[in-house]
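Worksheet: one structure, shown below.
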Ligand code: BTN
């Protein structure tokens with residue numbers, strides 16, 4: 001079975017929406033027999049597609065399964081760079097590990113790794129990342145920007161803006177960004193971003209941007225230790241959210257904003273980031289490994305460093321910390 005043809009057939013049926021297309025017409029368009037078309041239809045049904053076969057009219061897609069398989073994601077994907085190559089596995093320890101491996105083997109800019117569940121998902125500061133099966137988006141994106149390694153943290157901020165725009169587009173929720181990489185809904189975390197780097201003397205070889213997006217979890221789906229601080233789009237909106245639409249939208253905004261970054265620099269994106277930030281202008285406590293500072297978060301620098309003014313009037317640059325508000 002040629003999976004590329006199955007893929008094209010799914011795309012054709014989805015694009016014709018409620019209009020049925022006859023087996024003969026499909027056979028002519030694809031240059032294969034009606035029996036071959038029928039076999040591809042069966043293949044799609046096995047993958048969870050619901051396809052109606054109407055006598056004398058033909059085939060019509062009624063429902064698409066909400067998996068993260070490339071077939072579903074790439075049908076309807078409008079990007080040119082990000083997501084053209086998707087590596088999908090049903091389960092893995094961490095998509096970051098796979099993405100690092102692929103990047104080392106020369107995977108192109110824009111390669112995406114997706115999975116339904118991670119057995120050893122990792123978060124910032126070597127923390128564990130809870131990745132319930134089929135309930136979230138567990139994804140790593142390989143980027144190969146021509147920038148110096150010091151600029152890598154800006155990509156976390158660019159990604160945060162892309163995540164917020166995608167959530168806004170697919171749901172009616174209004175997420176906020178907590179510096180540096182948390183996306184919050186009603187003060188609880190729904191998304192984390194982990195940016196890792198492969199670099200050498202020539203600069204950045206690859207950026208591996210890991211995104212963990214809590215989509216359809218119920219409270220019980222979270223580990224007890226994060227149940228009070230984590231949330232999902234479903235918990236906040238009361239509706240099941242299409243993970244497929246979310247990934248398509250997220251890849252779209254990643255492409256738009258990384259392109260904007262490459263062409264125009266960080267300026268516009270910084271303004272966008274600040275408009276979504278819940279940290280800027282607020283009194284915060286920044287816990288670092290060797291000290292804790294309290295003050296007002298005044299802004300971020302062009303390099304994504306948080307500017308914290310303490311009561312004695314001093315301005316501190318915070319590179320990495322846990323922020324409490
Ligand atoms: C954080 O907020 O601490 C960052 C969490 C990042 C989680 C994502 S899920 C997909 C990718 N694979 C991982 O193991 N981690 C990132």
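At-a-glance table
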{"read-out": "Cβ-Cβ FRET estimate between residue 30 and residue 134, R0 fixed at 30 Å, reported to 0.05", "value": "0.45"}
{"read-out": "For the chain, calculated [θ]222 nm from helices alone, where every DSSP H run of n ≥ 4 adds -39500 (n - 2.57)", "value": "-10000 deg cm²/dmol"}
{"read-out": "Residues 202, 66 arranged by fewest to most Cβ contacts within 10 Å", "value": "202, 66"}
{"read-out": "Within a Gaussian network of the chain (alpha carbon springs, distance under 10 Å), most fluctuating of 212, 72, 238", "value": "238"}
{"read-out": "Global size of segment 283-324 as Cα Rg and Dmax, reported in angstrom", "value": "9.3, 25"}
{"read-out": "Segment residue 239-residue 289, length gained on full extension (0.36 nm per residue, minus Cα span)", "value": "14.1 nm"}
{"read-out": "Listed residues 178, 42, 314, most fluctuating in the chain (Gaussian network, C-alpha, under 10 Å)", "value": "314"}
{"read-out": "Mean-position separation - Cα centroids, segment 1-58 and segment 268-325, in angstrom", "value": "54 Å"}
{"read-out": "Computed label-point distance, nm, for sites residue 218 and residue 150 using a 7 Å Cα→Cβ extension", "value": "5.1 nm"}
{"read-out": "Förster-model FRET efficiency, 25 Å R0, residue 196 and residue 264, C-beta, rounded to 0.05", "value": "0.50"}
{"read-out": "Tail beyond 29 Å, pair distance distribution of segment 1-148 (Cα, percent)", "value": "31 percent"}
{"read-out": "Convex hull per residue volume in Å³, alpha carbons only, for segment 227-325", "value": "141 Å³"}
{"read-out": "Within a Gaussian network of the chain (alpha carbon springs, distance under 10 Å), most fluctuating of 216, 181, 290", "value": "290"}
{"read-out": "Length added when fully stretched, residue 186-residue 62, from 0.36 nm per residue minus Cα-Cα", "value": "41.1 nm"}
{"read-out": "Förster radius 30 Å - calculated FRET efficiency between residue 324 and residue 173 (Cβ-Cβ, nearest 0.05)", "value": "0.80"}
{"read-out": "Inverse of mean 1/r across different Cα pairs in segment 103-142, Kirkwood, Å", "value": "11.4 Å"}
{"read-out": "Alpha carbon convex hull of the chain, volume per residue in cubic angstrom", "value": "150 Å³"}
{"read-out": "Added length on full extension, which subtracts the Cα-Cα distance from 0.36 nm per residue, residue 16 to residue 120", "value": "33.4 nm"}
{"read-out": "Ranked 249, 140, 91, criterion: other C-beta atoms within 10 Å, fewest first", "value": "91, 249, 140"}
{"read-out": "Rg followed by Dmax, in Å, when segment 103-206 is reduced to its Cα trace", "value": "14.7, 45"}
{"read-out": "The chain, relative contact order [Cα under 8 Å, separation at least 6], %", "value": "13 percent"}
{"read-out": "Alpha-carbon Rg/Rh ratio, for segment 3-63, with Rh computed the Kirkwood way", "value": "0.90"}
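Each reported figure results from applying straightforward, stated rules to the coordinates on display, with no laboratory input. Here the structure is a predicted model, which means the values were calculated and not measured. Here the Cβ is made from the backbone with ideal geometry for all residues, glycine too, and neighbour counts use every protein chain on show.
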